[in-house]
Amino acid sequence: RDWTEALRRMIRERDNNICQICKKPQKNRALSVHHIDYNKKNNNLENLTTLCYKCHTITNYNRDNWKNHFYEQQKSKIT
């Protein structure tokens, strides 16, 4: 998949325009679409999640912990 505005919009809609960490809804600023594995070329739907600006910033630290967090979160969505 190409990294497009349509893809980002689709991910935001899939996640109900809610940050997947703090659970706050989108307000004046569009939510970020985060690559769970930090590989910007991996645009698979399962690798993308929505985050508010503040939460997106904190995911740049302890990346392995955040990857595990999001993988677990994705598994719980499936089951």
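The values are calculated or read from the model by the stated rules, or taken from the named source; none is laboratory data. Worth saying up front: this structure is predicted, and the values here are computed from it rather than measured. FYI the Cβ positions are ideal-geometry reconstructions off the backbone, even for glycines, and counts take in every protein chain you see. When the accessible area is computed, the model is the full protein with side chains, heavy atoms only, and any ligands, DNA or RNA have been set aside. Shrake-Rupley method; radii C 1.70, N 1.55, O 1.52, S 1.80 Å.
Give the residue that is nearest to residue 7 (Cα to Cα), with candidates limited to residues of the stretch 37-52 that are open to solvent by less than 80 Å² (accessible area, probe 1.4 Å) and assigned to a loop (DSSP other than H, G, I, E, B).
If we filter the stretch 37-52 for residues that are open to solvent by less than 80 Å² (accessible area, probe 1.4 Å), which is where we start, we get 37-39, 42-43, 45, 47-52.
Those left that are additionally assigned to a loop (DSSP other than H, G, I, E, B): 37-39, 42-43, 52.
On the way: 37: 17, 38: 17, 39: 16, 42: 12, 43: 9, 52: 17 Å.
Checking each candidate, the answer is 43.
Pick from 43, 39: which is at pLDDT 95 or above and either within 17 Å of residue 12 (Cα to Cα) or touching a His at 6+ places or on another chain (Cβ under 6 Å) (or both)?
None of the other options fit; the residue is 43.
Go through 7, 51 for me and flag whichever is hydrophobic (A, V, I, L, M, F, W, C), without any contact (Cβ under 8 Å) to a residue 60 or more places away in the chain and over 22 Å from residue 65 (Cβ atoms).
After applying the criteria, what remains is 7.
Just to be sure before I move on: is residue 29 in a helix (DSSP H, G or I) and of a type outside the set (Gly, Ala, Ser) in the structure I sent? Reasoning before the result, please.
Values: in a helix (DSSP H, G or I): no; of a type outside the set (Gly, Ala, Ser): yes.
In short, no.
Go through the stretch 27-36 and give me each residue that's modelled with pLDDT of 95 or more and either open to solvent by 40 Å² or more (accessible area, probe 1.4 Å) or of a type in the set (A, V, I, L, M, F, W, C) (or both). Let's see the steps before the verdict.
Quick first cut of the stretch 27-36, residues modelled with pLDDT of 95 or more only: 31-36.
Of everything in the stretch 27-36, those that are modelled with pLDDT of 95 or more and either open to solvent by 40 Å² or more (accessible area, probe 1.4 Å) or of a type in the set (A, V, I, L, M, F, W, C) (or both) turn out to be 31, 33, 36.
Please specify each residue of the stretch 53-67 satisfying the condition of being open to solvent by 70 Å² or more (accessible area, probe 1.4 Å), in contact with a helix residue (DSSP H, G or I) (Cβ under 9 Å, 6 or more places away or on another chain) and assigned to a helix (DSSP H, G or I). Don't jump to the end; show me each part of the working.
Filtering the stretch 53-67 down to residues open to solvent by 70 Å² or more (accessible area, probe 1.4 Å) leaves 53-54, 58, 60-65.
Those still in the list that are in contact with a helix residue (DSSP H, G or I) (Cβ under 9 Å, 6 or more places away or on another chain) too: 58, 60.
Selection gives 58 alone.
Residues of the stretch 69-79 being over 13 Å from the mean Cα position of the chain (by Cα) and either open to solvent by less than 100 Å² (accessible area, probe 1.4 Å) or under 23 Å from residue 3 (Cβ atoms) (or both), which ones?
76, 77
Which ones in the stretch 1-18 are within 19 Å of residue 40 (Cα to Cα) and of a type in the set (A, V, I, L, M, F, W, C)?
3, 6, 7, 10, 11
Which members of the stretch 1-26 meet the condition of being part of a helix (DSSP H, G or I), of a type in the set (Lys, Arg) and open to solvent by 100 Å² or more (accessible area, probe 1.4 Å)? Break it down into steps so the answer makes sense when it comes.
As a first pass, look at the stretch 1-26 and keep what is part of a helix (DSSP H, G or I): 5-14.
Then drop every residue that is not of a type in the set (Lys, Arg), which leaves 8-9, 12, 14.
Of everything in the stretch 1-26, just one residue is part of a helix (DSSP H, G or I), of a type in the set (Lys, Arg) and open to solvent by 100 Å² or more (accessible area, probe 1.4 Å), namely 9.
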